[in-house]
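Enquirer: Structure incoming, see below.
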Amino acid sequence: MRKRIVAGNWKMNTTLAEGMELTKSVIEKSITVPKTIELVLIPPFTSINEITKLTKGTAVKVGAQNCAEWVKGAYTGEVSATMISSIGATYVVIGHSERREFFNEDNKMLYRKIKQALENRLIPIYCCGEKLNERESNKYFEVVEKQVSESLFELTKEQMMQVVIAYEPVWAIGTGKNATSQQAQDMHAFIRTTIAKKFGKEVADSISILYGGSCKPSNAEEIFARPDVDGGLIGGASLVADDFIAIACSF
C-alpha cells in the first residue's frame, strides 16, 4: 500500500514565533488524523531547527522547501542537503513551480538536487506540472513527461522508490481556476504510467503521487478519492491548522 502524505508548504510565510504556534496547533489537532496519513510541515529555513524539536516524538514530519545542488562551498545564500538533514528534517521539496519560474531551475539542475537529497537520506518531493498556455494547447502530458524523464530517469530503481512526486497544475494555483478531480486523476495516472515504462510497474505502483493544485477542505475529499492520488502538497490552506487537518482527514 502506497504511503498517503499530506504536506504543508508554508512558502515565504510565518516568523519563527508564528511557525511554532502553527506547529503546536497542528500537533494538538493531529490526534484526529488517521494513523495511515503522514503529516509533513515544510516551513521556511529559519524555522526548521526549532520545529523539528517541537515535532520530536510525534508523528509529524518536517521538510525543507529547497536544497542546493552542491555538497558545500562558496555559494552564498544556498543551503545544502547535508545542512537540512543535520537539523532533523526528513523531506525536501525539489522543483516547485515557483522555483522553476522565479529562479530558472531546470530539469537537469533538479536531478542534481534530488541526488543530493537522496545521498543525505532526505525524501525528495519532486514537483512537476504545466502552465496555463501548455494546458490550453494540449501539451500538458508532453510537458510533464519531459519534466519527469529529465529529472528522474537517471536514478536507479532503488533511488526512484524513495522519491515522492507532486503534480502541480500551475494554472490552478492561486488563479481562481480549479482542476477537476478527473483532470488530477488523469495526470497522476499518466505520471505513474511514465514511471512504469522506465522503472517497471512494481516501482511505479509503490510511489506516492501528491496533488498540488489549490487543494482545500472543500475539494480534498473528491480529489483524494481518485485511485492514483496519494495525498496533497498544500499551500495556503496549510497556514491554518484547522484547514490543514481537515484536508488530512479527507481520505
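What follows draws every value from the coordinates through simple rules; no lab data is involved. Note that the structure is predicted; figures quoted are calculated from it, not measured. Positions of Cβ are backbone-derived with ideal geometry, glycine not excepted, and every protein chain shown enters the neighbour counts.
Enquirer: Is one or more of the residues making up segment 26-38 under 22 Å from Q162 (Cα atoms) and among the basic types (K, R)?
Expert: If we filter segment 26-38 for residues that are under 22 Å from Q162 (Cα atoms), which is where we start, we get 35-38.
Those still in the list that are among the basic types (K, R) too: 35.
Yes, that holds for at least one residue.
Enquirer: Can you work out which of the residues in segment 44-75 that are small (G, A, S) and surrounded by 18 or more Cβ atoms within 10 Å (Cβ to Cβ) is farthest from the chain's Cα centre (by Cα)?
Expert: So the first thing to find is which residues in segment 44-75 are small (G, A, S), and the list is 47, 57, 59, 63-64, 68, 73-74.
Next, only the ones that are surrounded by 18 or more Cβ atoms within 10 Å (Cβ to Cβ) stay: 47, 63-64, 68.
On the way: S47: 18, G63: 9, A64: 10, A68: 17 Å.
The qualifying residue farthest from the chain's Cα centre (by Cα) is S47.
Enquirer: Right, something else. Take E142 and decide whether it is surrounded by fewer than 17 Cβ atoms within 10 Å (Cβ to Cβ), assigned to a helix (DSSP H, G or I) and more than 13 Å from the chain's Cα centre (by Cα). Spell out the reasoning first.
Expert: Details: surrounded by fewer than 17 Cβ atoms within 10 Å (Cβ to Cβ): yes; assigned to a helix (DSSP H, G or I): yes; more than 13 Å from the chain's Cα centre (by Cα): yes.
Against the criterion (surrounded by fewer than 17 Cβ atoms within 10 Å (Cβ to Cβ), assigned to a helix (DSSP H, G or I) and more than 13 Å from the chain's Cα centre (by Cα)), E142 qualifies.
Enquirer: Oh, and also: Where the second residue is of a type in the set (S, T, Y) and part of a helix (DSSP H, G or I) and the first is touching a residue at least 60 places away in the same chain (Cβ under 8 Å) and within 17 Å of T32 (Cα to Cα) and lies in segment 220-248, which pairs have Cβ atoms under 6 Å and are six or more apart or on separate chains?
Expert: Pairs that qualify, where the first residue is touching a residue at least 60 places away in the same chain (Cβ under 8 Å) and within 17 Å of T32 (Cα to Cα) and the partner is of a type in the set (S, T, Y) and part of a helix (DSSP H, G or I), are A241/S25; F244/S238.
Enquirer: Suppose we filter segment 56-79 for residues that are touching a residue at least 40 places away in the same chain (Cβ under 8 Å) and farther than 24 Å from M20 by Cβ; how many remain?
Expert: 4
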